[in-house]
Amino acid sequence: MNKMYGTIMQRISLDDELFIFKPIDYLEGELCEFDGENHFVTKAGGSYYLASDINSLDSQFDHVVLNIIDEEDLLNNYGSDSIDGALSSYFEECSNKIYFGICDFDLDKIAIMNMDLYELLDNVFNKNDNIKEDISGCNFKIKYSALEHLTNLRGEDIKKILCNLKNNAENHSLRENDNVIADLKFIEYNKSDNDDTLEMSSEYINEMFNTVCSAIKKINKYDELKEYLNKTEELYISFASEFINNEPKELNKVFLKMAEAFKAISLYPSAKKVKEMFNNVYDQLNEANKYAVSIYKEYENKKEDIENSSKLKRISLNIKEIKARFDEIIIGQEEAKKDVIQAVFMNQIMDDRANKNNCLLVGPTGSGKTLLAECVAKTFDMPIEIIDTTQLTTPGYVGADIEDFLARLLASAKGDLEKAEEGIVVFDEIDKKGSTSNGDVGGRGVLNTLLPFIGGTKYDVVYNNRKYIFDTSRLTIFATGAFTTVQEDITRKSIGFGEESNQEDIKYKKLTTEDFVKKANMPAELIGRFSVISQLSGHNIDSLKKILTSSKTSALLSEKEKLEAVGIELLWNQEYLDAACKKALTFKTGARSLKRTVEESIKEARWEALCNLDIYKSIILTEKTVQNNLDVILVDKCDNKHNLKDIIESSEKKELAVQKELVYKK
């Protein structure tokens, strides 16, 4: 991605609807979308409204960004081999212009007009030659200060200039630029993630056709007319491409024919001839547009019926049944299960993307954070992608990209974009990116790049050689982290490593937003995007025993089931469970350590039994087995019990006797 630069401007109010913008400096950054609004985010993490954004008026901060340009265009347009030289020319040009803003409530934006600073000063000061003479030899900064001072003394002169321009319907320079295409709200469908594009709809199709026709009638310059028609052709080709594989596919042919018609009109040699041809074919174009609108309207109605049906199905989900499924897999963590189930359930039944629930799960290793997200995906039939946040890097560094993970989410949904966009993304170990002790100097930058992803933005994603526009606003986002360096002392002295603890779960003190920001170095904006923050507790012997004997993910029950498939019964006593869980706690990896403990306990006895299926029918695990996996009982088919140590010793004696006999014979 090319670097981008913008000029930071101080907005000075002339009245409620008129503003002047004063260039301060240039900044490096990128365009990001937060809550449906474009912002310019700097390398240092600062966020600025665009000068044209009318929402900036609600902010107490009067600095905005204008004249955004990427690095490639900067070098091409300002004729320099070095970035510094090009930036110097770029900022000098910006500073030699005066920028006025006018609230345009029809377009819901601030329309920006720029004029040459010297020319405007000349016009304003022409009534007072003495003042004009005083500043004639000054540089642009001094002239700018003179103009700023003048706004207080002679603001009415400036207002008259602006009002005359505003009332001039033929003057299009009041909009974002002098291009008539931008003036007439010509929006290129899904051209860029950072563009304010509209969702495809029957209303949008009709609005764009009417906008195009109105513009063609107003434009009189041949070059502008030809450019507009070429842009219109591109627009309808982009429309057509959306329906090559998507429904309703019939629109592909309709839009291609409309594109061909506008192309044919543009080939005529004069503005007069172009308009004559346009008038001749207008009725056919209008009929084609009506046909397209009717096709898409019918599709929207069908889609709405399907969505309503799906919504009713979601509402009919039984919370108690969902909780019961979670209880089969996750032992304990009652508060976390309730938090997550409610958050995802409410996401499923609402259509308001701005108020969706995202979940931050905090807890020690092995407490079940990732398992909770996986359980959500399985229960609600949602595709899931777990992202190791430590792999992510800021743009310009070698590492994993968000687009790669979204492509994998699409693969999980078997190419169904709608299902993928309603899936789950888990940012695992997010706390490690905030830590300043792990040497990851770009960690904070990565966390800032997640803001638009979590808030909802669009990415170009390639899957199966096809480009998709992936909207993250409907995703359910989970983030997980141990935050071990932040956790304060727990309420009880025991943390689950001693036999004296009989708590089901170890309770940690609740962390506050201030803890996450100041102690974990997490951006406040990021923490603010998680409406649900749930803390999971660590495990003690009792909770680990419940996992071993009750959870569907139990390593012990899984081993029992697999051995039964070959005719071997796996048995154990309470002493084994106590000893196994006590040993698992020493690994300090929570429930994850149970599989390792069980595997170490059983592997020798399992090998002996599998090698002699005709002899043995059972394996019995005891307390001693945890300390020495040869100290395990095998039961033969005559119900005789044998200690594996004795079996091995006996076998070794027999082998030794055979070896001695062979030596003697020699």
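Based on other C-beta atoms within 10 Å, arrange Met4, Met9 from fewest to most. Write down the numbers at each step before the final one.
On the way: Met4 20, Met9 25.
With the fewest neighbours first, Met4, Met9 line up as Met4, Met9.
Sorted from fewest to most neighbouring beta carbons within 10 Å, what does the list His39, His63 look like? Mind showing how you got there, number by number?
Numbers: His39 22, His63 18.
The order, fewest Cβ neighbours first, is His63, His39.
Whole angstrom only: what separates the Cα centroid of segment 278-297 from the Cα centroid of segment 325-381?
That distance is 49 Å.
Between segment 528-551 and segment 604-645, what's the alpha-carbon centroid distance in Å?
One Cα centre to the other: 33 Å.
Could you sort out which of Lys369/Lys545; Lys109/Lys303; Lys249/Lys302; Lys22/Lys458 sit more than 26 Å apart by Cα distance in this structure? All intermediate terms of the calculation are to be shown ahead of the outcome.
Details: Lys369/Lys545 19 Å; Lys109/Lys303 32 Å; Lys249/Lys302 15 Å; Lys22/Lys458 32 Å.
Among Lys369/Lys545; Lys109/Lys303; Lys249/Lys302; Lys22/Lys458, the Cα-Cα distance tops 26 Å for Lys109/Lys303; Lys22/Lys458.
What does the net charge come to around Tyr78 if you take all other residues with beta carbon closer than 10 Å to its beta carbon, with K and R at +1 and D and E at -1? Before the final figure, lay out the partial values.
Working: positive: none; negative: Asp73, Glu92, Glu93.
Neighbourhood net charge equals -3.
If contacts are Cα pairs under 8 angstrom and at least 6 residues apart, what is the relative contact order of segment 1-88 in percent? Each step should come with its number before you reach the end.
Values: 143 pairs, mean separation 25.8, N = 88.
Result for segment 1-88 is 29 percent.
With respect to the cross-link table entries Lys263/Lys297; Lys323/Lys552; Lys546/Lys595, which display a Cα-Cα separation exceeding 22 Å? Mind dumping the intermediate values first?
Working: Lys263/Lys297 27 Å; Lys323/Lys552 14 Å; Lys546/Lys595 14 Å.
Where the Cα-Cα span goes over 22 Å, the pairs concerned are Lys263/Lys297.
Once you place label points 7 Å from the Cα toward the Cβ at Glu575 and Asp16, how far apart are they in nm?
The two pseudo-label positions are separated by 8.6 nm.
Computed from the coordinates by the stated procedures, all read-outs in this text should not be read as laboratory data. All values reported here derive from a predicted model rather than from experimental measurement. Cβ coordinates were reconstructed from backbone atoms using ideal geometry, including for glycine residues, and neighbour counts include every protein chain displayed.
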